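Colleague: Would you mind keeping the following structure in view while I ask a few things?
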Amino acid sequence: MSERPWQEARRQAERFVERLQALGRGELAVLRRSAGERLATARNALGLFYRLLPPEPQFPEETFFLVATLFPLNGHKPVDGDFGRTMAVLRQRTNREGLDSRMRILLEADYDRRRGTGELPYRLRQAVKLAASQQVGVDWVQLLLDLNWWGHPDRIVQKRWARSYFHGDAASQEPQAVAAEGGQ
């Protein structure tokens, strides 16, 4: 019996994040300088990135690259769950109304995961840095999985992030739910 595609995608995301965690300060600085950029516009990061990339990536390279460049911006202990949960923790520590507005804008941001274009990379970069300023970490594995499903017609990721953020419920405690839904 073969492994479900979403299980392989999760394992690949976990290995990718482990490689990021093993990088030295200089290598992280190279990635940080390209935060939110596309592969085509990255400076001095291509060799490092392709060394980290799995041989047969389950997601578009641009999605891996976005996570790789955001990773050095926030080295705090990850909040378990999706990015909505990260922002919910941040909401408890900062200007609630201002963050609510940022979250609504983030949830409406467009993202073409194959081209790496759209508003989402910029919005995520800002949100990741804001979370870091309050010592709130990111679940990088879950973020990578979620970005792969950002363009789903049912907006499954955006709905889950909104639920995690605005209702603060336990929905984000099942991080494989999006991958499982997408694998059907």
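The values are calculated or read from the model by the stated rules, or taken from the named source; none is laboratory data. This is a predicted model, so every value here is computed, not measured. Glycine also receives a Cβ, built like all others from the backbone with ideal geometry; neighbour counts cover every protein chain displayed.
Colleague: For S101, only one of the following conditions fails: (1) touching a helix residue (DSSP H, G or I) at 6+ places or on another chain (Cβ under 9 Å); (2) outside any loop (DSSP other than H, G, I, E, B); (3) of a type outside the set (F, W, Y); (4) loosely packed, with under 14 Cβ neighbours inside 10 Å. What is its number?
Modeller: (1) is the only condition that S101 fails.
Colleague: Mind listing whichever residues of the stretch 76-98 are without any contact (Cβ under 8 Å) to a residue 60 or more places away in the chain and either in contact with a helix residue (DSSP H, G or I) (Cβ under 9 Å, 6 or more places away or on another chain) or small (G, A, S) (or both)?
Modeller: Keep residues of the stretch 76-98 that are without any contact (Cβ under 8 Å) to a residue 60 or more places away in the chain, which gives 86, 89-90, 92-98.
Listed by number, the residues that qualify are T86, V89, L90, T94, G98.
Colleague: For the stretch 74-98, how many residues are hydroxyl-bearing (S, T, Y) and crowded, with 19+ Cβ neighbours inside 10 Å?
Modeller: Result for the stretch 74-98: 1.
Colleague: Also, I was wondering about something else. Considering only residues that are assigned to a helix (DSSP H, G or I) and modelled with pLDDT under 95, look in the stretch 149-167 and name the one that is surrounded by the fewest Cβ atoms within 10 Å (Cβ to Cβ).
Modeller: At the first step, the residues of the stretch 149-167 found to be assigned to a helix (DSSP H, G or I) are 156-167.
Applying the additional criterion that residues be modelled with pLDDT under 95 yields 166-167.
On the way: F166: 16, H167: 11.
Looking at residues that are assigned to a helix (DSSP H, G or I) and modelled with pLDDT under 95, I get H167.
Colleague: Find the residue count for the stretch 56-75, including only residues that are in a helix (DSSP H, G or I) and either free of Cβ contacts under 8 Å to residues at least 24 places away in the same chain or over 11 Å from the mean Cα position of the chain (by Cα) (or both).
Modeller: 4
Colleague: Out of A35, A9, which single residue is in contact with a helix residue (DSSP H, G or I) (Cβ under 7 Å, 6 or more places away or on another chain), surrounded by 14 or more Cβ atoms within 10 Å (Cβ to Cβ) and part of a helix (DSSP H, G or I)?
Modeller: Exactly one of A35, A9 is in contact with a helix residue (DSSP H, G or I) (Cβ under 7 Å, 6 or more places away or on another chain), surrounded by 14 or more Cβ atoms within 10 Å (Cβ to Cβ) and part of a helix (DSSP H, G or I), namely A9.
Colleague: Separate question: Inspect the stretch 112-119 for any residue being out of contact with any Phe, Trp or Tyr (no Cβ under 7 Å at 6 or more places or on another chain), under 21 Å from R163 (Cβ atoms) and either modelled with pLDDT of 95 or more or not small (G, A, S) (or both) and give the result as yes or no.
Modeller: No, that holds for no residue.
Colleague: In addition: Before we move on, is E27 in contact (Cβ under 8 Å) with a residue 12 or more places away in the chain, outside the structural domain of R123 (by TED's automatic domain parsing) and farther than 24 Å from Y111 by Cβ?
Modeller: Details: in contact (Cβ under 8 Å) with a residue 12 or more places away in the chain: yes; outside the structural domain of R123 (by TED's automatic domain parsing): yes; farther than 24 Å from Y111 by Cβ: yes.
Against the criterion (in contact (Cβ under 8 Å) with a residue 12 or more places away in the chain, outside the structural domain of R123 (by TED's automatic domain parsing) and farther than 24 Å from Y111 by Cβ), E27 qualifies.
Colleague: In the stretch 104-133, what count of residues is obtained for those that are outside any helix (DSSP H, G or I) and either exposed (fewer than 13 other Cβ atoms within 10 Å of the Cβ) or assigned by TED's automatic domain parsing to the domain that holds V17 (or both)? Walk me through it before giving the result.
Modeller: Residues of the stretch 104-133 that are outside any helix (DSSP H, G or I), as a first pass: 109-119.
Adding the requirement that they be either exposed (fewer than 13 other Cβ atoms within 10 Å of the Cβ) or assigned by TED's automatic domain parsing to the domain that holds V17 (or both) leaves 110, 114-115.
Qualifying residue count, the stretch 104-133: 3.
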